[in-house]
Amino acid sequence: MTDPLVASGLTYRYPNGRGIRDLSFSAGPGEVLGISGSNGSGKTTLFRVLATLFRPQDGTVRIQGYDTVQQKEKARQAFFPVFDTSAHMGHATGSENIEFFLDLYGSAARNRVDHLSRHFNLDLGLPAGDYSLGMKRKLVLMEALLSGKGVLLFDEPTLGLDSSARSVFFGFIRELSEQGTTVIFGTNRKEEASRAGRVLFLEGGRLGERDPGKDHAGMIEIRVVIEHDEFAEYVLTPEEIPDVIARVLPLGVPREIRIRSRDEGDLVWTEAALEKAGRAPPLVRRMVVGIVERYARERGYRRITPDVVEEAKQRFEPR
Amino acid sequence: MIGRMMIGEFWQGKKSLLLKVAVPFAIVVGAGSAGYAGIGLAMLLLFTGLLGAGMSVVRLKTAGLYDRLIASPAGKTGLFLEVSGAQSLVLVIQYLPALAGAAWFAGLPILYPAVLSMLVVAVLGVAIGAASGGLGEMHQNAVLAVLPLLLATFAPHPAARVLPFHGIIAPELTAPAIVLPVITLVVLYLLFAAWASRL
C-alpha cells in the first residue's frame, strides 16, 4: 500500500529564484507530519503545490495514489486544505459556511459540528464577516476537522489562535491521526512542530529532518487531560505555567496535569524532598514536581533537597 | 449553492448598493434627457460593469476565497459559470432603475441588447479578474478589453452586431440583431468554460 501523500523531486521556483527545490518526502496513514521553517523558507509555496494551486515545475505529488497534475480532480477529492488565510463568505453565518465548504469539498459529515464548536468556543450563529481573526481561523479549522478526508493539509493552522484553541486543535489532530487520518501542517513555531510525529525542516526551499524533541530542549511541557482530550503546551519559564492551566480550565475539570522539563540530564530527589513535594494535592502533585525540577535546573542544582523545594515554593507560590 | 453564496458575497451592503443603483440611474437619466440614453448606458456597462465584475473576483482572490474554491474538487467549469451567473444577476438588479430610465427615453427594444450586454460584461469581467494577478493587472487587462469593445460599439459596420453593445446605441429587433449577440455570448461562455476547466 502506498502512503497517502508522496512527494517526489518537487520543484517550484519563482522568477526571483525563491521557492522549493527537489523536495521528496511522504506521509504515512495516521502520520502527523510537521513542516517547520522560518519565514520565506518555502512552506507556503510547498502547501500551495500540495494543494494543487501551483503546478510543480518538476517532480510529482500523489495524494491517495492520485497524481495532483494528471488526476487533479480525483486528487482534490482526497484532501482538505487550510491555507494561510481564513477566507469565508462574510455574509453567511458560521454554520452556513461550514455547510457550504463541506458541500464544496464533497464531505457528508456534519455530526460533530456541535462538539467541535463547543470545544473551540465558537458561536456559529454569527455572520463570519463579524468574526475576529482567531474566530475565522477556528471556523476554517473546524471545516477541515469535520471534512472526513483522509489527508488534511494545514498551512500555519494556529495563526491568530489563542493558547487554549491551539491545544484544542492539536487534541483533535491527535484524535484524527489515531483514526488513520494523515495530517501535514506547516509552522514556524518550535513548540508546535513538536506536536508532529516527524518534523521536516525547510530552509531555503530544501529539506532537512529533525527530531522534534530537540526543538523543545530547555522548554517545559504541560499536558492536561480533560475528559478524553489531552492538551499539550510548551512554555519557556515556570511563571507561564499557571496561565496555561488557567486557559485550559474552562474546557472542563482536568483528570490529570503532567508537567515535565524537556532538559536533558537527571536530577536526584532526596526522600525528604519527595515527601515534602508529595504533600501537594494529587491533582497538582506532578505540576509541583515539574516546577521544582525546573527551578533546580535553572539554579544548576543536581540534587533536590527540601530546601530546594521550599525555595521553589517561595518563588512560585501565588501571593 | 455556489451561485447563491456568491450573490450574497457580491452584494456589498445597503449603502454601497444604493450608490451602485443611484449613480447609473442618474447618468442614464442625465444622458437620456440630452437624447443620449443608449450611449450613456453602453459606456456605463463597458466601464463600470466590466471593472465591477473583475474587481469582485480580485476581491475573492485577495480574501483567499478564490484559492479555496479552486482547490476544491467542484468542477471548475460549473463553478465559474455560477460565479459569472451570480455576477450577472447582481449587475442586472443594480441596473434595474437605469434600464427603466433607458427604456423610458429610448424605447423598450433597448432592454434586449442591454441585458445581453450585462451578461457579456459579467462573463468577461469574471474571466479578466480570474486571469489577473491583482487589482493593477486587472485594471490594465480591463482597459485592454474595453478598447476593442468600444470600437465595435460605435463602428457603423454591420459586423458590429455580433456584440450586443451596438444594439444599445441603435436598438433594432431584426433577426441578426437578435441572434448574433446570443451566439457571441454562447461562444464566450464556451471559451471561458474551456479555460476554467484547466484550473
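Buried (at least 18 other Cβ atoms within 10 Å of the Cβ), within 11 Å of chain A (Cβ to nearest Cβ) and out of contact with any Pro (no Cβ under 8 Å at 6 or more places or on another chain): does that describe B:Met5? When the stated conditions are applied, B:Met5 passes them. Just give me the residues in the range A:272-319 being of a type in the set (S, T, N, Q) and either assigned to a helix (DSSP H, G or I) or within 23 Å of A:Glu256 (Cα to Cα) (or both), in sequence order. Matches in the range A:272-319: A:Gln314 only.
Against the criterion of being modelled with pLDDT under 90, under 30 Å from A:Lys149 (Cα atoms) and in a loop (DSSP other than H, G, I, E, B), B:Ala74 qualifies. Contact annotation: residue pairs with Cβ atoms under 7 Å, 6 or more positions apart or on different chains, pairing a residue in the range A:42-59 that is among the basic types (Lys, Arg) with a partner that is modelled with pLDDT under 95 and surrounded by fewer than 20 Cβ atoms within 10 Å (Cβ to Cβ), are A:Arg48/A:Phe54; A:Arg55/A:Val69.
When the residues of the range A:148-192 are filtered to those that are outside any helix (DSSP H, G or I) and of a type in the set (Lys, Arg), the one that is modelled with the lowest pLDDT is A:Arg189. If you check B:Ala71, B:Ala86 for being buried (at least 21 other Cβ atoms within 10 Å of the Cβ), of a type in the set (A, V, I, L, M, F, W, C), within 14 Å of another protein chain (Cβ to nearest Cβ) and free of Cβ contacts under 8 Å to residues at least 60 places away in the same chain, only one passes: B:Ala71.
Taking the range A:46-60 as the range and being away from chain B (no Cβ under 13 Å), under 24 Å from B:Gly64 (Cβ atoms) and either buried (at least 17 other Cβ atoms within 10 Å of the Cβ) or β-branched (Val, Ile, Thr) (or both) as the test, the residues that pass are A:Leu46, A:Pro56. Among the residues of the range A:276-319 satisfying the criterion of being of a type in the set (Asp, Glu) and more than 14 Å from A:Ile241 (Cβ to Cβ), which is farthest from the chain's Cα centre (by Cα)? The selected residue is A:Asp307. Hey, does the range A:6-16 have a residue that's at pLDDT below 95, assigned to a loop (DSSP other than H, G, I, E, B) and under 18 Å from A:Thr158 (Cβ atoms)? No; the residues of the range A:6-16 include none that is at pLDDT below 95, assigned to a loop (DSSP other than H, G, I, E, B) and under 18 Å from A:Thr158 (Cβ atoms). Report whether or not A:Phe100 is of a type in the set (Phe, Trp, Tyr), within 11 Å of another protein chain (Cβ to nearest Cβ) and part of a helix (DSSP H, G or I). In short, yes. Looking for something over 30 Å from A:Thr68 (Cα atoms), within 13 Å of another protein chain (Cβ to nearest Cβ) and β-branched (Val, Ile, Thr) - is there at least one such residue anywhere in the range B:34-52? The answer is no, given that none of the residues of the range B:34-52 is over 30 Å from A:Thr68 (Cα atoms), within 13 Å of another protein chain (Cβ to nearest Cβ) and β-branched (Val, Ile, Thr). Look at (1) in contact (Cβ under 8 Å) with a residue 40 or more places away in the chain; (2) under 15 Å from A:Leu153 (Cα atoms); (3) within 13 Å of chain B (Cβ to nearest Cβ) and you find that A:Ala75 fails only one, number (1). In the set A:Val113, A:Val199, A:Val183, A:Val140, only one residue is buried (at least 21 other Cβ atoms within 10 Å of the Cβ), within 23 Å of A:Glu99 (Cβ to Cβ) and not basic (Lys, Arg); that residue is A:Val140. The set of residues from the range A:88-97 being at the interface with another protein chain (Cβ under 9 Å from one of its Cβ atoms), among the small types (Gly, Ala, Ser) and either buried (at least 19 other Cβ atoms within 10 Å of the Cβ) or under 25 Å from the mean Cα position of the chain (by Cα) (or both) comprises just one member, A:Ala92.
Can you spot a residue in the range B:151-165 that is more than 24 Å from B:Ala74 (Cα to Cα), in contact (Cβ under 8 Å) with a residue 40 or more places away in the chain and not in a helix (DSSP H, G or I)? Yes - at least one qualifying residue is present in the range B:151-165.
With respect to the conditions (1) surrounded by 12 or more Cβ atoms within 10 Å (Cβ to Cβ); (2) more than 22 Å from B:Val126 (Cα to Cα), B:Thr153 falls short on a single one, namely (2).
The values are calculated or read from the model by the stated rules, or taken from the named source; none is laboratory data. The model shown is predicted, which means the values in this text are computed figures rather than measured ones. FYI the Cβ positions are ideal-geometry reconstructions off the backbone, even for glycines, and counts take in every protein chain you see.
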